[in-house]
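The structure that follows is given in the form of structure tokens.
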Amino acid sequence: MKRRSFVSLIMLALCLFSIMTSKSVALANDSNEQNSNFVTRQGDKLMLNGKEFRFSGTNNYYFHYRSNAMIDDVMDNASKMGLKVIRCWGFIDGTGEAKTTVPKIEMQPSMGQYGESGFERLDYAIKKANEKGIKLVIVLVNNWDDFGGMNAYVNWVKDPKRHDGFYTNETIKSAYKAYVKHMLNRVNSYTGVKYMDDPTIMTWELTNEARCESDPSGNTLFNWTKEMSEYVKSIDNKHLVALGEEGFIKDSKSTILEYNGSKGLDWGKMITLPTIDYGTVHLYPDYWGDPWKDGVKSGSAWLKAHADLAKAANKPVVFEEYGVLDTSVTNRDYAYQTWNDLAYQLGYSGSMFWLLTGIDDLTPDAEGLYPNNDSLRIVYNKKENASTVKIFEENAKLMNGETVTRTPHIYITAPSKNERTKDTAFVEVKVISYGKEISKVMFSTPKKKNIIMKEDEGLYTYDLDVSKEKNGKMPVSATVQFKDGTSATTSDIINVKNKTGKLVTVKTFDFSNGLNGWDQNGTYQSDIYAVKYNKEVGNGSVELDVNFPGRSDWEELRIANKSLDLTPYEGVKYDIYIPKDGLAAHVQLRPYAVVAPGWVKCGVDQNNAYIGQLPTVTFNGKEYVKLQVTNVFEGQSKNKSELDINLVANMFKYEGPIYFDNIELLQEVE
């Protein structure tokens, strides 16, 4: 009896020790460590050396494969701006990423095999960040195919579930854990410090923008996040862990995709995990469709919704990625000023814009800079980015706890310089006054000066007649006068387009003699097995052998020609053919075009069609449905050299050929 009691006491002690150890691993970052120089979590706050840590930061995705000089340039400029955190990639999965082939840079060229070159680059970035007093968030895998991503793992094991098999396939999960373990135990070749012991690293991020659309309940992604965050903490309980998600919410009453759970993430539930230290929020209204057309207003509501959920969970929240395209109709500076101010007021721990870049010593643009591939780059010393950089510098001071005298700002928010205006320009001006009382707001053109604008609940408007103006860029300005005698002024342009010509074909790819420089250019949640030249459909065509799994409303494939001068052209017209036999009439196809660099989308959701509505054509005795599309570039083709034609399928289960034919480049003539 005594022996059994003694044994029981030992077993009880062991159990208690196990529970306490497990809890200490999970909650190590909810502690009061004050002098470690590691960023930790205490309730809904991030802490550094005993004080709350709030920060302004940015993202950069080329630290792990570009030169010391390029890394130095970004780090030096981030430091000048007062940025305290940079989020960067910690993965190159596979060898298919063109960016990393010259010179050859590898991290995981095949499953379970680890290359030195990419890790050496990351070593240097960590060393440089430490020298500049910058913390790093290091991401461990990509949802997207850039640098391999989840689909690299899926392709290695040939999982039939495709992308979403990443979260459930045991071989893939073991391989991911092995990569994580290798990363955490890496000894920096410059500093001699093991990654898991280095306080320069703030956070291990499990993914970049995880989605699991095959399970809208959110359970698959929740279970995977729980398992992997616990695994990271079991090895390294010094660093923060986050999922790196966009912030998709599960609200069954909403019809908006980002809110209704259809992306497979329940953000409010996920951030309650003890081993997830903070939630992340991404925001790209230009990419998210009609509900986000008023980007500033809808983005502000997005930030508020996540602040409320984070407060309920007693967790910090970071505004981790956000961007407005420089080709957008949304005023970028107004959006960034509004969102940063709001995130600060709502208690966000950090705001991190996408994307700080700098010099390029390998494949530069005409100015010697890293190309503006996504129309989102910010360059510290570039004239057209100066006003935006000032917004980030001021926000950095606020987040760093410095005293800042807020200077009022005025913005012309409509019409955008990136849209064409005919007959009447409906001018809108907004003022961020920071408590100053406004006396009046005036608007000026070259012909009309100091027009008093009408005010309605903080929005100042004027209907400007431009019907007699010539086509071209009209300079305009707006001035706000305050009751204390001070004022603020801004300037912009209105792109007048009263006379519209006819679009005519001036160059045609009819594929009568081959592919003419066209090739596949990637997929999202679909597969391209092969690209062929086909002589049987049309006078010749580009044939893609594809697989649409039919599990999502956005499964996409692309073809591209990357050696064009698109400056003279105003649009593109093309035909898409799909064999008719067995096709479901209710399936929706959503074609659009992209001009690059800058990845400017043209004609999204303007040519959507249901298969049952399409005409039938016959080639060599076989029937095909035909989708004919015209996408207008809206003046965005200047200095563009790449044209992508994208086909999105909505819940379309199909495996077989799709053909692209008669790609015509269009010019405008009067």
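Grab the helices (runs of 4 or more DSSP H) fully contained in the stretch 262-354, keeping just those with 3 or more residues being modelled with pLDDT under 95, in the same structural domain as residue 57 (by TED's automatic domain parsing) and touching a helix residue (DSSP H, G or I) at 6+ places or on another chain (Cβ under 8 Å).
Passing ranges: none, list empty.
Within the stretch 66-96, track down each residue that is of a type in the set (Ser, Thr, Tyr) and assigned to a helix (DSSP H, G or I).
79
Out of the residues in the stretch 270-295 meeting the condition of being among the acidic types (Asp, Glu) and under 20 Å from the mean Cα position of the chain (by Cα), tell me which one is surrounded by the fewest Cβ atoms within 10 Å (Cβ to Cβ).
290
Taking the stated definitions as given, is residue 411 assigned to a loop (DSSP other than H, G, I, E, B), within 32 Å of the chain's Cα centre (by Cα) and either touching a residue at least 12 places away in the same chain (Cβ under 8 Å) or buried (at least 17 other Cβ atoms within 10 Å of the Cβ) (or both)?
no
Related question: Please name all residue pairs, on different chains or six or more residues apart, with Cβ atoms under 9 Å, provided the first residue is in the stretch 291-306 and is over 15 Å from residue 248 (Cβ atoms) and the second residue is of a type in the set (Lys, Arg) and surrounded by 16 or more Cβ atoms within 10 Å (Cβ to Cβ).
Listed by first residue and then by second, the contacts come to 296/430.
Next up: Out of curiosity, is residue 177 assigned by TED's automatic domain parsing to the domain that holds residue 88, under 30 Å from residue 356 (Cβ atoms), part of a helix (DSSP H, G or I) and among the basic types (Lys, Arg)?
No; evaluated as a whole, the condition is false for this residue.
Return the residue satisfying two criteria in turn: it lies in the stretch 532-562 and is aliphatic (A, V, I, L, M) and more than 30 Å from residue 264 (Cβ to Cβ), and of such residues it is surrounded by the fewest Cβ atoms within 10 Å (Cβ to Cβ).
Among residues in the stretch 532-562 that are aliphatic (A, V, I, L, M) and more than 30 Å from residue 264 (Cβ to Cβ), the one surrounded by the fewest Cβ atoms within 10 Å (Cβ to Cβ) is 537.
Still on this model: Which one is surrounded by the fewest Cβ atoms within 10 Å (Cβ to Cβ) among residues in the stretch 458-486 that are hydrophobic (A, V, I, L, M, F, W, C) and without any contact (Cβ under 8 Å) to a residue 60 or more places away in the chain?
459
Oh, and also: So which residues in the stretch 153-168 are surrounded by 19 or more Cβ atoms within 10 Å (Cβ to Cβ) and either small (Gly, Ala, Ser) or not in a helix (DSSP H, G or I) (or both), if there are any at all?
Selection gives 165 alone.
Does the stretch 336-348 include one or more residues that are among the acidic types (Asp, Glu) and touching a strand residue (DSSP E or B) at 6+ places or on another chain (Cβ under 8 Å)?
yes
Would a scan of the stretch 388-403 turn up a residue that is part of a loop (DSSP other than H, G, I, E, B) and either hydroxyl-bearing (Ser, Thr, Tyr) or surrounded by 19 or more Cβ atoms within 10 Å (Cβ to Cβ) (or both)?
Checking the stretch 388-403: at least one residue is part of a loop (DSSP other than H, G, I, E, B) and either hydroxyl-bearing (Ser, Thr, Tyr) or surrounded by 19 or more Cβ atoms within 10 Å (Cβ to Cβ) (or both).
Can you name the residue in the stretch 70-121 that is among the hydroxyl-bearing types (Ser, Thr, Tyr) and at pLDDT below 95 and, of all such residues, is surrounded by the most Cβ atoms within 10 Å (Cβ to Cβ)?
Among those that are among the hydroxyl-bearing types (Ser, Thr, Tyr) and at pLDDT below 95, it is 100.
The values are calculated or read from the model by the stated rules, or taken from the named source; none is laboratory data. Keep in mind that what you see is a predicted model, and the values were worked out from it rather than measured. For neighbour counting, all protein chains shown are included, and Cβ atoms are generated from backbone atoms with ideal geometry for every residue, glycine included.
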